[in-house]
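Below: the structure, in structure tokens.
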Amino acid sequence: MSAPASAPWWHNLRYAVWGILFGIVFVKAEIISWFRIQEMFRFESFHMYGVIGSAVVVGLISVQLIKRIRAKTFSGEPIVIPDKAFNKGTIYGSVLFGLGWAITGACPGPLFAQVGAGYSVIIITFLSAVAGTWLYGLVREKLPH
Amino acid sequence: MLDAIKGPWPWYVAGPIIGLTVPALLLLGNKAFGLSSSLRHICAACMPAKIPFFTYDWKKEAWNLFFVGGVVIGACIAVTLLADPDPMVIAEPTAGYLASKGITDNSGLMPKEIFSWDNVLTVRGFIFFIVGGFFVGFGTRWAGGCTSGHAISGLSNLQWPSLVATCCFFGAGIICTWFILPYLLTL
């Protein structure tokens with residue numbers, strides 16, 4: 001599946017390279033802007049709908065193509081895409097996340113980009129998000145799933 | 001050319017690049033695109049505290065941390081080497097509404113009136129940084145994904161749970177923006 005644990009660490013640099021491109025896109029298309037998220041949720045700009053919509057269309061075509069031609073990874077392994085499981089948490093968790101998204105103007109990816117773009121105070125938001133994830137792990141068994 | 005790169009990128013450039021991340025990660029090494037998992041790996045790496053949810057070999061998922069590390073660097077490059085010389089332009093109605101709530105400085109990506117260190121120890125800071133961040137971290141893990149894992153990756157793979165998730169977080173975001181934020185912005 002993934003590269004064997006014994007693979008040298010620098011094998012992961014390719015993901016960092018794509019991450020850099022991703023971070024540049026996040027900032028240059030202003031996807032990480034709190035203002036753009038406000039525009040989106042207020043239905044006052046098409047920009048974010050265009051971004052997410054075209055990303056889904058391109059992703060959908062790519063994934064269906066990969067499945068159709070049974071494409072392999074560059075190292076020759078068959079590509080396996082895990083299914084997303086459904087449980088009640090999909091609903092409760094998404095609602096909670098949606099509230100946080102509107103408040104912070106960020107989903108997890110943009111949190112990293114906001115810090116990188118020099119908004120150092122977002123480190124606090126980021127740490128709180130890590131704490132939220134940690135607390136979820138702690139109380140997971142007691143939550144409806 | 002460079003001027004075009006420095007200006008704001010249109011959605012039809014950004015969206016397809018983000019969409020291509022899904023096949024790129026699959027081809028590079030069978031990785032499923034999803035960024036909120038990075039928060040879980042950080043917990044597993046830094047403070048697993050014997051919690052079952054965090055006791056796994058996070059090093060096998062290190063690619064995810066390399067990716068978000070790249071995002072930080074990329075964002076840094078975008079605001080330095082590729083910095084936009086002009087202030088950001090936001091939709092007129094949004095600007096007007098926010099101005100009525102005291103958010104008047106639209107020049108940067110984030111409103112200075114909210115996201116500044118001066119606010120960290122205030123009620124406003126508590127809501128926008130602590131509560132907001134907590135909801136994002138707790139919610140995405142409970143939901144099993146965020147905008148990348150569910151809305152982009154999941155929908156690309158025709159996963160119906162991802163469609164449910166996407167509808168829920170968009171719905172909650174809309175409700176929060178129209179009915180809760182107007183109050184929060186007065187704090």
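The values are calculated or read from the model by the stated rules, or taken from the named source; none is laboratory data. Just so we're clear, the structure is a prediction, and the values are computed from it rather than from any experiment. Cβ coordinates were reconstructed from backbone atoms using ideal geometry, including for glycine residues, and neighbour counts include every protein chain displayed.
Quick one: would you say B:F33 is closer than 28 Å to B:N157 by Cα, buried (at least 20 other Cβ atoms within 10 Å of the Cβ), in contact (Cβ under 8 Å) with a residue 60 or more places away in the chain and aromatic (F, W, Y)? It is true that B:F33 is closer than 28 Å to B:N157 by Cα, buried (at least 20 other Cβ atoms within 10 Å of the Cβ), in contact (Cβ under 8 Å) with a residue 60 or more places away in the chain and aromatic (F, W, Y). B:L35 meets all of the listed conditions (1) over 27 Å from A:E141 (Cα atoms); (2) aliphatic (A, V, I, L, M); (3) within 15 Å of the chain's Cα centre (by Cα) but one, namely (1). Return a yes/no flag: does the range A:86-98 have any residue that is more than 30 Å from B:L184 (Cα to Cα) and surrounded by fewer than 24 Cβ atoms within 10 Å (Cβ to Cβ). Within the range A:86-98 (the criterion being more than 30 Å from B:L184 (Cα to Cα) and surrounded by fewer than 24 Cβ atoms within 10 Å (Cβ to Cβ)), the answer is yes, since at least one residue qualifies. Picking from residues in the range A:34-72 that are in contact (Cβ under 8 Å) with a residue 12 or more places away in the chain, at the interface with another protein chain (Cβ under 7 Å from one of its Cβ atoms) and over 14 Å from B:L98 (Cα atoms), the one that is surrounded by the most Cβ atoms within 10 Å (Cβ to Cβ) is A:V51. Only one of the numbered conditions (1) in a helix (DSSP H, G or I); (2) over 29 Å from A:V130 (Cβ atoms); (3) within 7 Å of chain A (Cβ to nearest Cβ) is not met by B:A78, and that is (2). Going by what's in this entry, would B:I18 be described as over 29 Å from A:Q64 (Cα atoms) and either within 7 Å of chain A (Cβ to nearest Cβ) or in a helix (DSSP H, G or I) (or both)? So B:I18 fails the test.
Summed over the range A:73-87, residues that are acidic (D, E) and without any contact (Cβ under 8 Å) to a residue 24 or more places away in the chain total 1. Check whether at least one residue in the range B:88-106 is under 20 Å from A:S120 (Cα atoms), more than 7 Å from chain A (Cβ to nearest Cβ) and under 16 Å from the mean Cα position of the chain (by Cα), and report yes or no. The answer is no; no qualifying residue exists.
This table checks each residue for (1) modelled with pLDDT under 95; (2) closer than 13 Å to A:V25 by Cα; (3) crowded, with 20+ Cβ neighbours inside 10 Å.
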{"position": "B:D3", "(1), (2), (3)": "yes, no, no"}
{"position": "B:K6", "(1), (2), (3)": "yes, yes, no"}
{"position": "B:P10", "(1), (2), (3)": "no, yes, no"}
{"position": "B:K60", "(1), (2), (3)": "yes, no, no"}
{"position": "B:A99", "(1), (2), (3)": "no, no, no"}
{"position": "B:N106", "(1), (2), (3)": "yes, no, no"}
